[in-house]
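The values are calculated or read from the model by the stated rules, or taken from the named source; none is laboratory data. Everything numeric in this text was worked out from a predicted model, so none of it was measured. Neighbour counts run over all protein chains shown; Cβ positions are idealised from the backbone, glycine included.
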Amino acid sequence: MRVLVTGGAGFIGSELVRQMVNNGFEVINFDKLTYAGNLESLHSVADRPNYHFLKQDICDAQGLQTTLERFTPDAIMHLAAESHVDRSISGPKAFIETNIGGTYTLLEAARLYWEQLPGNKQDSFRFLHVSTDEVYGSLGEEGYFTESTAYSPNSPYSASKAASDHLVRAWHHTYGLPVITTNCSNNYGPYQFPEKLIPLMIIHALQGKPLPVYGQGRNVRDWLFVGDHAQALQLVLEKGQLGETYNIGGMAEMANIDVVRKICDILDELLPESPNHPHDQLINFVTDRKGHDFRYAIDCSKIRNELGWTPQENFASGLRKTIEWYVHNPIWWQRIQNGSYRQSQSFSLRERELG
């Protein structure tokens, strides 16, 4: 199967691409390479014959059309998005342009491409849209998000993703485009950009910097190991029902402050001679984020009962693997901190163009 993955140089996208290439799929990675896109996360598959990279923007209709005509994919997996809530609060425009405008442009390109496919190819084509549980809003102390939970997004980021979900649903209902949507909980794991909670805390702790925790750290999230998420997405692509939504969660609810303390405990164990030991002395409570949702929690019984998926990692095992990866791969995140990863991939792209 030949699959076009948008946003394949991002955190979730690169995990998905690595897995799919290793599983024998032919993968076209279509990524704009914004600040969070990092080709260094794809070194292990970069030279594989079933992997192709295109530096392209999902807002570019002509570029999408050309790519679809050139590669004739059997499926599109749409992960390209602006995804950081804090950045959406300080600068929402990019989120509206990419998450809404880009999804519209991609849907239209996919529809026009799909409509001209021969019958058997048209019947088997799939458009998988990858979204977030944040579209559902905020939960109280109890309850879970299900696929039928009403949308109630509270940040510019979640509002833009909610709008993209509705566009995908409309293109299925109106035009018949064969779509499936997934909504996931908070991902974590190796290769995650350092602005997100878990890698930020790990890296700050390794460097002896304060660990900034919003408010009192009581906000609760469900944590999903990125490797489990990528496996779920492949399963949904191959076996999911058209027009359906599947919630993907890690079944690992935890308050942010407890996550940070667990990180500190594992680092204390792994690095007993560290000058920052005990690492929890670095915790620093800061002014809370505007409109900070209190709790997210996913009921993922639908994907478990219908498709047989359950996460393989619990939070303890996944977090340990994640911390060990950051401890043993400092060059990866140091190159992000000093900006050299952007220079290297620009050079690599120029080399490819000249070649």
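So the values come out like this:
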{"read-out": "Complete set of residues in the range 205-249 that are within 20 Å of the chain's Cα centre (by Cα) and assigned to a strand (DSSP E or B)", "value": "220, 221, 222, 223, 224, 225, 245, 246, 247, 248"}
{"read-out": "Selection from the range 154-180 of residues that are touching a Lys or Arg at 6+ places or on another chain (Cβ under 7 Å) and either part of a helix (DSSP H, G or I) or surrounded by fewer than 21 Cβ atoms within 10 Å (Cβ to Cβ) (or both)", "value": "171, 175, 178"}
{"read-out": "The range 19-47 - residue that is of a type outside the set (A, V, I, L, M, F, W, C) and touching a strand residue (DSSP E or B) at 6+ places or on another chain (Cβ under 9 Å) and, of those, farthest from residue 189 (Cα to Cα)", "value": "26"}
{"read-out": "Odd one out for residue 251 among (1) surrounded by 15 or more Cβ atoms within 10 Å (Cβ to Cβ); (2) at negative phi", "value": "(2)"}
{"read-out": "Search result, residues across the range 105-138 that are farther than 18 Å from residue 63 by Cβ, surrounded by 14 or more Cβ atoms within 10 Å (Cβ to Cβ) and in contact with a Ser or Thr (Cβ under 9 Å, 6 or more places away or on another chain)", "value": "117, 128, 129, 130, 131, 132, 133, 134, 135, 136, 137, 138"}
{"read-out": "Qualifying residue in the range 250-269 (condition: of a type outside the set (Phe, Trp, Tyr), over 30 Å from residue 205 (Cα atoms) and more than 21 Å from the chain's Cα centre (by Cα))", "value": "no"}
{"read-out": "Any hit, the range 85-93, residues being among the hydrophobic types (A, V, I, L, M, F, W, C), touching a helix residue (DSSP H, G or I) at 6+ places or on another chain (Cβ under 6 Å) and either under 30 Å from residue 330 (Cα atoms) or part of a strand (DSSP E or B) (or both)", "value": "yes"}
{"read-out": "Residue count for the range 1-60, restricted to those that are touching a Phe, Trp or Tyr at 6+ places or on another chain (Cβ under 8 Å), closer than 19 Å to residue 238 by Cβ and part of a loop (DSSP other than H, G, I, E, B)", "value": "3"}
{"read-out": "Unique match (being of a type in the set (Asp, Glu), surrounded by 16 or more Cβ atoms within 10 Å (Cβ to Cβ) and part of a helix (DSSP H, G or I)) among 258, 280", "value": "280"}
{"read-out": "Test: residue in the range 213-234 that is of a type in the set (A, V, I, L, M) and over 23 Å from residue 295 (Cβ atoms)", "value": "yes"}
{"read-out": "Residues satisfying the stated conditions in the range 242-262, i.e. closer than 21 Å to residue 142 by Cα and among the charged types (D, E, K, R)", "value": "253, 258"}
{"read-out": "Residue among 98, 66 that alone is closer than 20 Å to residue 180 by Cα, assigned to a helix (DSSP H, G or I) and not basic (Lys, Arg)", "value": "98"}
{"read-out": "Residues within the range 110-138 that are of a type in the set (Ser, Thr, Tyr), touching an Asp or Glu at 6+ places or on another chain (Cβ under 7 Å) and either at positive phi or not in a helix (DSSP H, G or I) (or both), tallied", "value": "2"}
{"read-out": "Number of positions in the range 72-88 that are over 19 Å from the mean Cα position of the chain (by Cα) and surrounded by 16 or more Cβ atoms within 10 Å (Cβ to Cβ)", "value": "2"}
{"read-out": "Some residue of the range 309-322 being farther than 20 Å from residue 226 by Cβ, of a type in the set (Gly, Ala, Ser) and not in a loop (DSSP other than H, G, I, E, B)", "value": "no"}
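Residue-by-condition table, conditions (1) modelled with pLDDT of 95 or more; (2) surrounded by fewer than 17 Cβ atoms within 10 Å (Cβ to Cβ):
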{"position": "195", "(1), (2)": "no, yes"}
{"position": "220", "(1), (2)": "yes, no"}
{"position": "232", "(1), (2)": "yes, no"}
{"position": "246", "(1), (2)": "yes, no"}
{"position": "263", "(1), (2)": "yes, no"}
{"position": "269", "(1), (2)": "yes, yes"}
{"position": "275", "(1), (2)": "yes, yes"}
